[in-house]
Amino acid sequence: MAHEHLHFKHDMAADYSHAKQMRVSIAMLGTLLGGVLLISSGMAKWIYGPTSFNAEILTMVSALLLGTPIVIHAIKSSIKKESHMDELVALAIFAAFATGKYVPAGIIAFFMLLSELMETRTALGARASIESLIKLTPVKAELLLADGSEKEVKVSDLKPGDIVRVRPGDNIPADGEIVSGLSSVNEATITGESLPVDKVPGMQGFAGTTNLTGVLDIKVTKAGKDTTLGKVQTLIMEAENTKIPIMRIIDRYVKWYTPTILMVAAIYWFFTKNVSDAITVLIISCPCALILATPTAMVAAISASARLGVLIKNVADLEIAGRITAMVFDKTGTLTTGRLYVTKLTPADGIEPSQLLTYAASAEIMSKHPAARALQEVSKQANLSFMEIKEFKEVPGKGVTAVVDSANVMVGRDTFLQENDIDMNGIAGPELHEEQGFSTLFVAKDTKCIGWIGMQDKTRPEAKQAVDELLSYGIKRITMLTGDREQVANRVAAELGCTDFKAHCLPHDKLAIVEQMKDDGHTVVVIGDGINDAPALAAGDLGIAMGAAGSDVALNSASIALMNNDLRRLPFLVNLSKKTSRVINQNLAFGITFIVIGISMAKYLKPEVAAILHFVSSIIVVFNSARLVRFGEDIDHK
């Protein structure tokens, strides 16, 4: 029933969008027809003379056809006590029509309708780009049955636990875990990454992403609106409906605008005794450029950020991103890869490095600990062969023991070996290497320690560049918080150029530090993985979740979600915020200047010319905002 309800809602939304497209098409057809009649009336006057009855009839019909929709909409808005620019236009058309100025009335209505159609088409274009996300999810899916056969089913009928088969070239129908098959998948629609991702069993697949090479069998974990793609679509649509503070300010004062302009028009009429001047004032004063100034810029900015996998839930958060003065980073998984890598081998006297690594990797082969995975990866890279093991045993938080090639091997912390009476003589003390930020595993064979292996969680390749760029954008403080040791934290912070760091941090410690920074007057952004950092993410002025693809906690706990782990998205976000604010201010300044200059020159402008200039001003604002759509394209190619 839930899936049917979601499918029904989706169909209703699609029907509504289709109906709106139809209304826009009809309005466009009516506008073009009115424009043709207006041109025909001009030709009739040229052929039959300016006082020709046929020309007058054509002019009147075109003015009625073009002006009626505007007047009707203005009347409806007045009844609902809503303020729109149509009120001023309707008065101008009515005044022109009442005084027998049918040509100006028609020209005014024609260009005003073009302005409104352009605004509506811009909004529909943004909605179409969002609905294109829905179309990425196929309508049908190949359901794998228990007997191995396939059955074509509707995607809306899929439920968690189903296994679907996805062939090369097909889009994945639902979020799920890959149970068999090897392939490359294009995940640009979710993460913004242009390079395909190699997929193996156990990895996650996202609805709407494209399978490129091999056949994949995927066990469905989420379907419909619950998928990452469904949530992305919902978040973008919610962002569209929110308003930044400057938009709310305009809404607050717009009710005073129309009476003020009417007063100005009346003054013009009183002093000039010319109704055309008053009509010109009404046309020039229609705040179309002001109304378009902010929404067009925001739609363009959201489009640019979504292309790079940056989900902005509320457009007001985009404005905050440009005012931040302090950033708080979680270390593990955010500034670092979250994976351990073998960086140092220190064997005891008489032991070869390859022997040390072979014994350690063989003993750890049954473990799923990150350290075990690191040992296995480096052994494979060195073409070492694993030895047969028996009696494997893992002691959580301490280490493992196993019989490797008839020898009792123990791998773990130095305290673990000491507890088991292992001879540690001849091995350098931990203080000599922990200062360098190593995590260490000691390896014992029978009763003697044969060396230790140093591991490090490497910083992300782009992290240093991202921190440098953030500092160059005027951010005063970049703090790294971690539950790791002081030595490790010091190494990572120094490597990246962070202004300060705090080690041994528990979740409540991170929360306290964020609140203290806010008390110090900083506008604070917190960046984490969205799971153990949820309290700190919620406490910041802005919370940004890294690697949010597939993570419900990340999508819900943060204000902004980065669908991948590329830290270059952070300076991009700050820069996008600053650039969007500049574009909005440019649009507003242009709109206000246009109205002020237009009113001051109303005596020298004909109403027809004023309508054309008004239309041109709207085009300028839209094109100025459209520059933001391509912002950040250089990141795609790095």
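The values are calculated or read from the model by the stated rules, or taken from the named source; none is laboratory data. These figures come from a predicted structure and were not determined experimentally. Counting neighbours? That spans all protein chains shown, and the Cβs are built from the backbone with ideal geometry, glycine included.
Identify the residue in the stretch 490-500 that is among the hydrophobic types (A, V, I, L, M, F, W, C) and without any contact (Cβ under 8 Å) to a residue 40 or more places away in the chain and, among all such residues, is surrounded by the fewest Cβ atoms within 10 Å (Cβ to Cβ).
Among them, the one singled out is 494.
Looking at residue 395, is it hydrophobic (A, V, I, L, M, F, W, C) and surrounded by 18 or more Cβ atoms within 10 Å (Cβ to Cβ)?
no
Select, from 291, 279, the only residue that is crowded, with 24+ Cβ neighbours inside 10 Å and either within 13 Å of the chain's Cα centre (by Cα) or more than 25 Å from residue 535 (Cβ to Cβ) (or both).
Every option except 279 fails the conditions.
From the residues in the stretch 145-178 that are closer than 14 Å to residue 211 by Cβ and among the aliphatic types (A, V, I, L, M), which one is surrounded by the fewest Cβ atoms within 10 Å (Cβ to Cβ)?
The selected residue is 178.
Of the residues that make up the stretch 238-250, is at least one surrounded by 19 or more Cβ atoms within 10 Å (Cβ to Cβ), at pLDDT below 85 and on the phi > 0 side of the Ramachandran plot?
no
If you take the residues in the stretch 568-583 that are among the basic types (Lys, Arg) and surrounded by fewer than 22 Cβ atoms within 10 Å (Cβ to Cβ), which one is nearest to residue 289 (Cα to Cα)?
582
Just checking, how many residues over the stretch 440-461 are closer than 30 Å to residue 524 by Cβ and surrounded by 18 or more Cβ atoms within 10 Å (Cβ to Cβ)?
Result for the stretch 440-461: 4.
When the residues of the stretch 504-520 are filtered to those that are surrounded by 19 or more Cβ atoms within 10 Å (Cβ to Cβ) and at pLDDT below 85, which remaining residue is farthest from residue 322 (Cα to Cα)?
My answer is 505.
For the stretch 586-629, which positions are assigned to a loop (DSSP other than H, G, I, E, B) and in contact with a Gly (Cβ under 8 Å, 6 or more places away or on another chain)?
The answer is 605, and nothing else.
In the stretch 490-518, what residues are over 26 Å from the mean Cα position of the chain (by Cα), farther than 23 Å from residue 539 by Cα and part of a helix (DSSP H, G or I)?
490, 491, 492, 494, 495
The rows are residues; the columns are (1) in contact with a helix residue (DSSP H, G or I) (Cβ under 6 Å, 6 or more places away or on another chain); (2) surrounded by fewer than 16 Cβ atoms within 10 Å (Cβ to Cβ); (3) modelled with pLDDT of 70 or more.
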site: 68; (1), (2), (3): no, yes, yes
site: 71; (1), (2), (3): yes, no, yes
site: 74; (1), (2), (3): yes, no, yes
site: 90; (1), (2), (3): yes, no, yes
site: 95; (1), (2), (3): yes, no, yes
site: 105; (1), (2), (3): yes, no, yes
site: 116; (1), (2), (3): no, no, no
site: 133; (1), (2), (3): yes, no, no
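Output the number of residues of the stretch 348-361 satisfying the condition of being surrounded by fewer than 21 Cβ atoms within 10 Å (Cβ to Cβ), in contact with a Leu (Cβ under 7 Å, 6 or more places away or on another chain) and among the aliphatic types (A, V, I, L, M).
1
Identify, please: which residue in the stretch 589-638 is aromatic (Phe, Trp, Tyr) and free of Cβ contacts under 8 Å to residues at least 24 places away in the same chain and is, among those, nearest to residue 88 (Cα to Cα)?
Here the residue is 604.
When only residues in the stretch 362-373 that are farther than 15 Å from residue 443 by Cα and under 37 Å from the mean Cα position of the chain (by Cα) count, which is surrounded by the fewest Cβ atoms within 10 Å (Cβ to Cβ)?
This residue is 368.
Scan the stretch 472-489 residue by residue and report those that are surrounded by fewer than 17 Cβ atoms within 10 Å (Cβ to Cβ) and assigned to a helix (DSSP H, G or I).
Within the stretch 472-489, 472, 486, 487 meet the criteria.
Given the options 78, 83, name the one that is modelled with pLDDT of 70 or more, of a type in the set (S, T, N, Q) and either over 38 Å from the mean Cα position of the chain (by Cα) or not in a strand (DSSP E or B) (or both).
78
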